[in-house]
Amino acid sequence: MATALITHEACHGHVTPEGMPERVARLKAVLAALEDLELVRVEAPEASEEDVRELHDAEHVQRMEEMVPEAGFEALDSETFLSPGSRDAIYRAVGGSLKAVDMVASGEVKNAFAAVRPPGHHAEAGKAMGFCIFGNVALAARHALEEHGLNRVAVVDFDVHHGNGTQALLWDEKRALVVTSQQMPLWPGTGYPEEVGPHGTIVNVPLAPGSGGAEMTQAYERHVFPKLREFEPEMILISAGFDAHEADPLAQLRWREEDFVWITRELCKLAAEMCEGRVVSCLEGGYDLNALAASARAHVMALMEAP
C-alpha cells in the first residue's frame, strides 16, 4: 500500500511578517523535497467550523473568523499572525489532517503525511499561540475516535517545543494517549513529567539542551514505547516537528536526519504490531529550511518503507 501526501496551495496564503520563523518558505521547502517521491497526492479539503468546534471554543472560532484582516497582518500575540489568506489556510490545515485520518482509517493508504500550515500543536481551546491557530493533530485524533469508531488513539509529538495545545485539548480524553518529547527548559515552559492528566494518558519526556540522538533513543525506548504497547492504540498520529535538528535556530537539541528516520521507523514498527500499520503524520515545526527539507524527506521516505 502507498503513502499519501496531503497538502493544498491555500496553505501558502497564510503569510507572516518579514523575519518570522514560521513562514511560507517552510512549506515550499518541504514540498520541493518530496517532489520526486511516488506518493498518493491529495488536495486537503476545507474543514468546517463544526469540525473545529469539536475541541475549540465557539467564541475562539468566531474570533479567528472575525480577525482575519482585509490587508496586512492581525497580531494575535508577538509571534502569531493572521493575514488575508489565513482563513483558507487554517481550515485546509485542519481538513488535511482529518483527510489523512480518513484515508488511513479506511485502508485507502497505509499511512499519510499532511504537509500543511499553520502548525497546530500549541493552539488551546480558546487561544491561538506559538504560530498555531487550531489544533490540527488533536482534532485529527478526535476525528478518528468519533467518526471512525476507534477505541484508542495515540499522539506522539517529537517537535522540540512541548505540544501544550495538544495536551490541553486531549487532557480529559481517556481514549487518547498523548506522548510528547521536548527540550526542557524551553518555551512554552510546560511538559513536565508530573503532568499526566486525570486518566494517566499524558506522557511527557523532557530532553536536556545539547542532547542528541543517543539520548533521544534511550528516552523513547525507556519511556515511550512501553507506554504505547501498554495502551495498544488503534492508530498512531505523529506531530512531526523537525526543529530538534542540530541546525535549527530556535532550540538546542542535536538531532540529525537519521534520528528522525529512526523514530519514524520505530513508530511504524509499533503500528504494524498493534494497529495494522495505521500512522498519520502532520507537519509541525522546523525553521532551518535546509534541515527541515532534508528531515521531512527522510521522515516521509521512512513512512513509505514502513511494513
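The values are calculated or read from the model by the stated rules, or taken from the named source; none is laboratory data. Just so it is clear, the structure is predicted and the values come from calculations on it, not from any experiment. Cβ coordinates were reconstructed from backbone atoms using ideal geometry, including for glycine residues, and neighbour counts include every protein chain displayed.
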Cβ pairs under 7 Å, 6+ apart or interchain, first in region 286-307 and among the aromatic types (Phe, Trp, Tyr), second part of a loop (DSSP other than H, G, I, E, B) and crowded, with 24+ Cβ neighbours inside 10 Å, ordered by first then second residue, are Tyr287/Asp243
Out of (1) more than 19 Å from the chain's Cα centre (by Cα); (2) within 28 Å of Val300 (Cβ to Cβ); (3) in contact (Cβ under 8 Å) with a residue 60 or more places away in the chain, the one Glu35 does not meet is (3)
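Does Arg117 fit the bill of being touching a residue at least 60 places away in the same chain (Cβ under 8 Å) and either assigned to a loop (DSSP other than H, G, I, E, B) or more than 20 Å from the chain's Cα centre (by Cα) (or both)?
yes
If we scan region 252-262, do we find a residue that is among the aliphatic types (A, V, I, L, M) and under 15 Å from the mean Cα position of the chain (by Cα)? Step through it out loud before you land on a result.
Initial filter on region 252-262 (among the aliphatic types (A, V, I, L, M)): 253, 261.
Filter again for under 15 Å from the mean Cα position of the chain (by Cα), leaving none.
Checking region 252-262: not a single residue is among the aliphatic types (A, V, I, L, M) and under 15 Å from the mean Cα position of the chain (by Cα).
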Filter region 134-147 for residues that are more than 19 Å from Pro21 (Cα to Cα) and of a type outside the set (Gly, Ala, Ser); the one that is surrounded by the fewest Cβ atoms within 10 Å (Cβ to Cβ) is Glu146
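Leu237: touching a His at 6+ places or on another chain (Cβ under 8 Å), surrounded by 24 or more Cβ atoms within 10 Å (Cβ to Cβ), of a type in the set (A, V, I, L, M, F, W, C) and at pLDDT 95 or above, yes or no? Show your work before the answer.
Details: touching a His at 6+ places or on another chain (Cβ under 8 Å): no; surrounded by 24 or more Cβ atoms within 10 Å (Cβ to Cβ): yes; of a type in the set (A, V, I, L, M, F, W, C): yes; at pLDDT 95 or above: yes.
No, not satisfied.
Any idea which residue in region 148-158 is surrounded by the most Cβ atoms within 10 Å (Cβ to Cβ), counting only those that are out of contact with any Asp or Glu (no Cβ under 8 Å at 6 or more places or on another chain) and not β-branched (Val, Ile, Thr)? I'd like the intermediate steps shown before the answer.
At the first step, the residues of region 148-158 found to be out of contact with any Asp or Glu (no Cβ under 8 Å at 6 or more places or on another chain) are 149, 154-156, 158.
Add one more test, that the residue is not β-branched (Val, Ile, Thr), and what stays is 149, 154, 158.
Values: Gly149: 9, Ala154: 27, Phe158: 30.
This residue is Phe158.
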Expected output for region 74-91 (first residue at negative phi, partner in a strand (DSSP E or B) and aromatic (Phe, Trp, Tyr), Cβ below 7 Å, 6+ apart or cross-chain) is Glu74/Phe81; Ala75/Phe81
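Say whether the condition of being of a type in the set (A, V, I, L, M, F, W, C) and buried (at least 24 other Cβ atoms within 10 Å of the Cβ) is met by at least one residue in region 120-128. Break it down into steps so the answer makes sense when it comes.
Within region 120-128, the first condition is being of a type in the set (A, V, I, L, M, F, W, C), and the residues that meet it are 123, 125, 128.
This time we only want the ones that are buried (at least 24 other Cβ atoms within 10 Å of the Cβ), so: 123, 128.
Taking every residue of region 120-128 in turn, at least one turns out to be of a type in the set (A, V, I, L, M, F, W, C) and buried (at least 24 other Cβ atoms within 10 Å of the Cβ).
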Residue pairs qualifying under the 7 Å Cβ cut-off, at least six apart or on distinct chains, with the first in region 250-270 being farther than 23 Å from Leu228 by Cα and the second being buried (at least 24 other Cβ atoms within 10 Å of the Cβ) and small (Gly, Ala, Ser), are Ala251/Ala244; Leu253/Ala244; Glu257/Ser295
For Glu215, state whether it is under 24 Å from Phe113 (Cβ atoms) and either surrounded by fewer than 19 Cβ atoms within 10 Å (Cβ to Cβ) or touching a Gly at 6+ places or on another chain (Cβ under 6 Å) (or both). no
In region 251-307, anything touching a Cys at 6+ places or on another chain (Cβ under 9 Å) and assigned to a helix (DSSP H, G or I) is listed as Ala302, Leu303
